[in-house]
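Chemist: Attaching a single structure in structure tokens format; questions to follow.
The values are calculated or read from the model by the stated rules, or taken from the named source; none is laboratory data. Computed from a predicted structure; not experimentally measured. We place every Cβ from the backbone using ideal geometry, glycine too, and count neighbours over all the protein chains shown.
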Amino acid sequence: MRRVLTITPLLALPFLALTAAAQAQEPPAQATPPAPAAPAAPAAPAAPQTFEADIQNGKGEAIGRIAIRDGASALVMRVTINAGGLPPGWHGIHFHAVGDCSDTEKFEKSKAHVNHDQSKHGLLNPDGPDEGDLPNVYANADGSVNAEVSSETPLTGEGGLKDGDGSALIIHANPDDHTTQPIGGAGPRIACAVIK
């Protein structure tokens, strides 16, 4: 004989109420959001590239030194000339296109200014400046110079001073007026430093 268990509706109500209450107490399942990613550390700025070279006069003698630091957006160059190195007063200085100071009497092997885009000469020229233009430096009464100038012309890379044939820093006898073509009236080349 088979027995069948029957639950009367009145007895089933407390059981259903308990089951519903238990289910109501359980929070609905939720997806756990991913933990936020830690912020990436900022990239350390690249250390500036550096370069140093002697400055020589028209007799081939070392009269001072240049020290270049090239950063992300500008090149900074210190120009140091020993006492007796230059005539006192203002002097035009420029980056020239070839790193050759071997013809010490005129330094003409350094060619014209660095000027890849064929701009006009002069920091104050509305059609300039060219890439070789720099501010003047001042030689003290004893002929010494301690100056720092900046340029957007890079040391390396596209349009850089250290390209296949290098470049040169040329110091002129007179100041540059920053407008007159082709060199601002800066006159003869009296000192040179090779940048390679």
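Chemist: If you scan region 75-116, which residues turn out to be under 14 Å from Ala173 (Cα atoms) and of a type in the set (Asp, Glu)?
Modeler: Glu105
Chemist: Can you name the condition, by its number, that Ile170 falls short on among (1) out of contact with any Phe, Trp or Tyr (no Cβ under 7 Å at 6 or more places or on another chain); (2) in a strand (DSSP E or B)?
Modeler: (1)
Chemist: I've got another one for you. Would you mind stating whether Glu108 is at pLDDT 95 or above and either farther than 19 Å from Glu61 by Cβ or surrounded by fewer than 22 Cβ atoms within 10 Å (Cβ to Cβ) (or both)? Give the derivation first.
Modeler: Numbers: at pLDDT 95 or above: yes; either farther than 19 Å from Glu61 by Cβ or surrounded by fewer than 22 Cβ atoms within 10 Å (Cβ to Cβ) (or both): yes.
Criteria met by Glu108.
Chemist: Hey, can you tell me all the residues within region 131-161 that are part of a loop (DSSP other than H, G, I, E, B), within 18 Å of the chain's Cα centre (by Cα) and acidic (Asp, Glu)?
Modeler: Here is the first cut: in region 131-161, the ones part of a loop (DSSP other than H, G, I, E, B) are 131-132, 134-136, 140-144, 152-161.
Checking which are within 18 Å of the chain's Cα centre (by Cα) leaves us with 131-132, 134, 152-161.
Answer for region 131-161, where residues must be part of a loop (DSSP other than H, G, I, E, B), within 18 Å of the chain's Cα centre (by Cα) and acidic (Asp, Glu): Glu131, Glu152, Glu158.
Chemist: Related question: Go through Leu169, Leu161, Leu123, Leu134 for me and flag whichever is modelled with pLDDT of 95 or more and touching an Asp or Glu at 6+ places or on another chain (Cβ under 6 Å).
Modeler: That would be Leu123, the only listed residue that is modelled with pLDDT of 95 or more and touching an Asp or Glu at 6+ places or on another chain (Cβ under 6 Å).
Chemist: Here's a follow-up. So is Pro87 within 16 Å of Ile190 (Cα to Cα), surrounded by fewer than 22 Cβ atoms within 10 Å (Cβ to Cβ), touching a strand residue (DSSP E or B) at 6+ places or on another chain (Cβ under 7 Å) and of a type outside the set (A, V, I, L, M) or not?
Modeler: Values: within 16 Å of Ile190 (Cα to Cα): yes; surrounded by fewer than 22 Cβ atoms within 10 Å (Cβ to Cβ): yes; touching a strand residue (DSSP E or B) at 6+ places or on another chain (Cβ under 7 Å): yes; of a type outside the set (A, V, I, L, M): yes.
In short, yes.
Chemist: Consider Val149 carefully, then state whether it is modelled with pLDDT of 95 or more and either in contact with an Asp or Glu (Cβ under 6 Å, 6 or more places away or on another chain) or surrounded by fewer than 17 Cβ atoms within 10 Å (Cβ to Cβ) (or both).
Modeler: On the way: modelled with pLDDT of 95 or more: yes; either in contact with an Asp or Glu (Cβ under 6 Å, 6 or more places away or on another chain) or surrounded by fewer than 17 Cβ atoms within 10 Å (Cβ to Cβ) (or both): yes.
Yes; evaluated as a whole, the condition is true for this residue.
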